[in-house]
Amino acid sequence: MTDRPKILQGTDGIRGRIAANEKLQGSSPISFFLESGFLTPEFFERYCHAFACCLIKTGYAKASDRIVIGWDPRDREGSFNQAAISGLRKAGLVVIVAGTLPTPAIPLYMLSISAVAAVVLTASHNPSDQNGIKLFFGSTALKLLPPDDEMLTKMIYEQESINLHELKETGFIESHENKARKFFIEYCTTGRNSWINDNTDLSD
């Protein structure tokens, strides 16, 4: 395909229908997505690997830096979640797993532990047969701007010939599910962040 788009992302990350068990039959997960609109676990792995490589290439991160990942509950089998984690680890980043949380909780937790970036696997309000990826920068919690999207897309294309199955997961993985959940609850129930105060009855 010669007329590939310069930017794969939409207005808020990338999302689409999922094909968890689709046999690509020689087609790359990138080509498969462009031709069919379907996202596969292999696409998630490549997308997240390329994102981590972009962070390292630009000097925004270095191998062994921490990146936070979380998701909504739509991936019941976990194949997309685990593929994304694998891609990040194969780039050498330490993956902090926040687990199932609302989207805002992930970048907030990222800021609280000074991680270099965050990844949220969600299709937001889209139907359950879809999934997606949202990315956040660590110092600001801002999402990618169009030049960032273009750079990431270019990296994805450049890495298409790399056999990710041959790469080792050199980055460590840490579970922060309980810590992240506790942090978000405390953040939301702090008076300056919400309508809740010391006299609010939360017993029900």
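Only one of the listed residues (Glu158, Glu177, Glu169, Glu150) is open to solvent by 70 Å² or more (accessible area, probe 1.4 Å), over 24 Å from Gln9 (Cβ atoms) and of a type in the set (Asp, Glu). That residue is Glu169.
Here's the yes/no breakdown for (1) over 13 Å from the mean Cα position of the chain (by Cα); (2) at pLDDT below 95; (3) hydrophobic (A, V, I, L, M, F, W, C):
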| residue | (1), (2), (3) |
| --- | --- |
| Thr100 | no, no, no |
| Ile113 | yes, no, yes |
| Ala118 | no, no, yes |
| Thr122 | no, no, no |
| Asn126 | yes, yes, no |
| Gln130 | yes, no, no |
| Leu135 | no, no, yes |
| Thr140 | yes, yes, no |
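Quick one: is Pro127 out of contact with any strand residue (DSSP E or B) (no Cβ under 7 Å at 6 or more places or on another chain), of a type outside the set (Lys, Arg), open to solvent by 10 Å² or more (accessible area, probe 1.4 Å) and in contact (Cβ under 8 Å) with a residue 60 or more places away in the chain? The answer is no for Pro127.
Against the conditions (1) at pLDDT 95 or above; (2) of a type in the set (Lys, Arg); (3) surrounded by fewer than 11 Cβ atoms within 10 Å (Cβ to Cβ), Arg192 satisfies every one except (1).
Note on region 153-195: residues that are under 16 Å from Ala83 (Cα atoms) and part of a helix (DSSP H, G or I) total 4.
With the structure loaded, tell me whether Ser27 is surrounded by fewer than 19 Cβ atoms within 10 Å (Cβ to Cβ) and at negative phi or whether it fails that test. When the stated conditions are applied, Ser27 passes them. Tally time: how many residues in region 17-50 are modelled with pLDDT of 95 or more and small (Gly, Ala, Ser)? Summing the residues that are modelled with pLDDT of 95 or more and small (Gly, Ala, Ser) in region 17-50 gives 1.
Among the residues examined, Ile7 does not qualify as among the aliphatic types (A, V, I, L, M), modelled with pLDDT of 95 or more and in a helix (DSSP H, G or I). Of the listed requirements (1) without any contact (Cβ under 8 Å) to a residue 40 or more places away in the chain; (2) under 14 Å from Met155 (Cβ atoms), Phe33 misses just one: (2). Among residues of region 1-20 that are within 15 Å of Leu152 (Cα to Cα), those with a Cβ under 8 angstrom from a residue that is in a loop (DSSP other than H, G, I, E, B) and open to solvent by 70 Å² or more (accessible area, probe 1.4 Å), sequence gap 6+ or separate chain, pair up as Asp12/Lys143; Gly13/Lys143.
Of all residues in region 45-60, exactly one satisfies the criterion of being open to solvent by 10 Å² or more (accessible area, probe 1.4 Å) and in contact with a strand residue (DSSP E or B) (Cβ under 9 Å, 6 or more places away or on another chain), namely Tyr60. Taken as a whole, the structure places Ile96 among residues that are buried (at least 19 other Cβ atoms within 10 Å of the Cβ), of a type in the set (A, V, I, L, M, F, W, C) and closer than 19 Å to Ala117 by Cβ. Give region 57-80 a look and list any residue that's within 18 Å of Glu150 (Cβ to Cβ) and within 16 Å of the chain's Cα centre (by Cα), or say none. Those that are within 18 Å of Glu150 (Cβ to Cβ) and within 16 Å of the chain's Cα centre (by Cα): none in region 57-80.
The values are calculated or read from the model by the stated rules, or taken from the named source; none is laboratory data. The structure presented is a predicted model; accordingly, all values stated were derived computationally and were not measured. Cβ coordinates were reconstructed from backbone atoms using ideal geometry, including for glycine residues, and neighbour counts include every protein chain displayed. Ligands, DNA and RNA are stripped out before the accessible areas are found, and what is left, the full protein with its side chains, is counted by its heavy atoms. Shrake-Rupley method; radii C 1.70, N 1.55, O 1.52, S 1.80 Å.
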